[in-house]
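Read the structure below first, then the notes.
Any read-out appearing in this document is the output of simple, stated calculations on the displayed coordinates, not a laboratory observation. Since we're looking at a predicted model, the values are computed, not measured. Cβ placement follows ideal geometry from the backbone for every residue including glycine, while neighbour counts extend to all protein chains displayed.
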Amino acid sequence: MSTVLPAGERMDTLRTRAEALFPGGVNSPVRAFRGTGRPPVLLARGEGPWVWDVDGRRYLDLISSWGATILGHAHPAITEAVRTAAGDGLALGATHPREILLGEAIRDALPSVERLRFTSSGTEAVMSAVRLARAATGRDLVVKFAGAYHGHSDGLLAEAGSGVATLGIPGSAGVPESVAGQTIVLPFNDASALTMAFARYAGRIAAVVTEPVVANAGIIAPEPGFLAHLRQVTRADGTLLIFDEVITGFRLGPGGAQASFGIRPDLTTLGKVIGGGMPIGAYGGSRELMNLIAPAGSVYQAGTLSGHPLTMAAGLAALDELRPERYLALERRVDRLVEGLSAAIERHGREASVARVGPLLTLFFRATPPTDADEAFAADREAWGRFFRAMLDAGVLLPPSPFEAWFPGFAHDDAEIELLIETADRALAA
Ligand code: PMP
């Protein structure tokens, strides 16, 4: 094991030390495994589709760093690129050529992104895109959808998905009412609620921010026509449409959800895959809009380590591997996975269903895939917990929440997909 571990310490003692140190024992809430009925797994290393815990036990990994790794862990090209970049100094505090290369690669993949800015997280990217939208429109209100997660900036925590939903908290303590009051939360896939909100708040909504495919309440697919309706009502009212593609960007394909669904947003936020596993975020849009950002314009946004050379190196190495035929191969393997899971659900007569968009999927313990957050959150958590524990005991590490996407990637080959199906079949039988 290449990782340096405290000598002689095993999972339970390390867990105790972590709990004495970090709130809930973790540095990000979903890692605490709350609601799984199991203590959190501490991971020491990963390779391809596999991860090893600190006791040396191996798991087939479907967390994939919450979507940041699509090539599998410790991909040789990324590892080598980071090693080489590290030799040039970790952070130099001025523009590095690699920022330009990764920025150009992203711009070339996304026609709606003419200019962009790198940040260090998805949270910063969405927060900054919202600030830009408010400045560009001179309006304050922002619309988001229930169950969607856009990072932990104050205004976007209302009825959020991901860890916020897993912990069952409606928003967050510490967010002033005056801030929360600027956010309007609507049900996803509800065209009439959207129309009504735009009638009620006409001329006052700066932006609608959406995950084009909700991936933080488990997967919720946009119903046919919903995104087109969203594009139409926002354009008609002079409201900017922000696609939060932190998960879908370079995962549904090189062009993200905007290419898959043929919708051109005004602003796009990215993260995860574009950093190859290193901390990253980015936001971009038209030249005109992005030129409002300082120092070109008067919307301030900055970051000491933004465009970090190591992140840029990892992201470039990752994007270099993201060829269209590999996405097609992944789609075919996920076709097989969905077919296998659905057959197992049927065979064992479980009230469960698979929600899937492209390579993203969630097994929900409800009869049909949800169309909005209320349906997703009403799924059977007890049944999910039993399933999660059976999978974990059999060596499959699913995201430790019923409301998260599974992230199979290019390293999950046919053999791993079959193993996943067989393990799920046994877990559903039990
Ligand atoms: N937007 C979406 C759609 C996300 O899924 C996430 C994180 N899971 C974020 C924003 C926030 O990104 P980060 O955790 O890098 O701040």
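Data table
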item: Label-point gap, in nm, between ALA94 and ASP414 - each point 7 angstrom along Cα→Cβ; result: 5.3 nm
item: In nm, spacing of pseudo-spin labels at ALA86 and SER28 (7 Å Cα→C-beta vector); result: 2.0 nm
item: Kirkwood Rh in Å, taken over the stretch 380-423 so that all alpha-carbon pairs contribute; result: 11.3 Å
item: Sequence ranges 348-356, 144-152, ranked by mean other-Cβ count within 10 angstrom, highest first; result: 144-152, 348-356
item: Difference of contour (0.36 nm per residue) and Cα-Cα distance, ASP140 to ALA367; result: 77.7 nm
item: Kirkwood Rh and Cα Rg combined as Rg over Rh, evaluated for the stretch 66-157; result: 1.03
item: Share of alpha-carbon pairs per 5 Å distance bin for the stretch 356-410, given as whole %; result: 4, 19, 27, 25, 17, 6, 1
item: Percent of beta bridges antiparallel (DSSP, the stretch 222-294, rounded to nearest 5); result: 60 percent
item: Relative contact order (percent, whole number), the stretch 76-320, Cα cutoff 8 Å, 6+ residue spacing; result: 31 percent
item: Sites MET196 and ALA236, calculated FRET efficiency, Cβ-Cβ separation with R0 22 Å, nearest 0.05; result: 0.95
item: Rh (Kirkwood; distinct C-alpha pairs) - the chain, Å; result: 22.1 Å
item: Dmax and Rg, reported as Rg then Dmax, of the stretch 76-320 (C-alpha, Å); result: 17.6, 57
item: Lys, Arg +1 and Asp, Glu -1 on Cβ, resulting dipole of the chain about Cα centre, debye, nearest 20; result: 540 debye
item: Listed residues LEU230, LEU101, LEU252, most fluctuating in the chain (Gaussian network, C-alpha, under 10 Å); result: LEU101
item: Dipole-positive endmost among GLY37, GLY25, SER121 within the stretch 13-170 (Cβ charges, Cα centre); result: GLY37
item: Antiparallel bridge percentage (DSSP; both residues within the chain; nearest 5); result: 60 percent
item: GNM flexibility winner over the chain from LEU270, LEU289, LEU363 (Cα, springs under 10 Å); result: LEU289
item: For the stretch 1-130, alpha-carbon Rg and Dmax in angstrom; result: 18.5, 53
item: Highest-fluctuation residue, ARG31, ARG57, ARG264 considered, GNM on the chain with Cα pairs under 10 Å; result: ARG57
item: Antiparallel bridges, percent of DSSP beta bridges restricted to the stretch 245-392 (to nearest 5); result: 90 percent
item: Gain upon complete extension [SER286, ARG323; 0.36 nm per residue less C-alpha separation]; result: 10.8 nm
item: Sorted peptide list for 376-384, 119-127, criterion being average Cβ within 10 angstrom, highest first; result: 119-127, 376-384
item: Calculated from backbone phi, Karplus (6.51, -1.76, 1.60) coupling profile of the stretch 292-309 in Hz, x at Gly/Pro; result: 7, 7, 4, x, 5, x, 9, 8, 7, 6, 8, x, 3, 10, 4, x, 4, x
item: Equivalent-ellipsoid semi-axes of the stretch 222-381, from the Cα gyration tensor, Å, largest first; result: 34, 22, 15
item: Computed [θ] at 222 nm, helices only, for the chain once each DSSP H run of length n ≥ 4 contributes -39500 (n - 2.57); result: -11000 deg cm²/dmol
item: Euclidean distance between Cα centres, the stretch 289-359 to the stretch 45-95, Å; result: 16 Å
item: Virtual spin-label span in nm between ASP55 and ALA20, 7 Å along Cα→Cβ; result: 2.1 nm
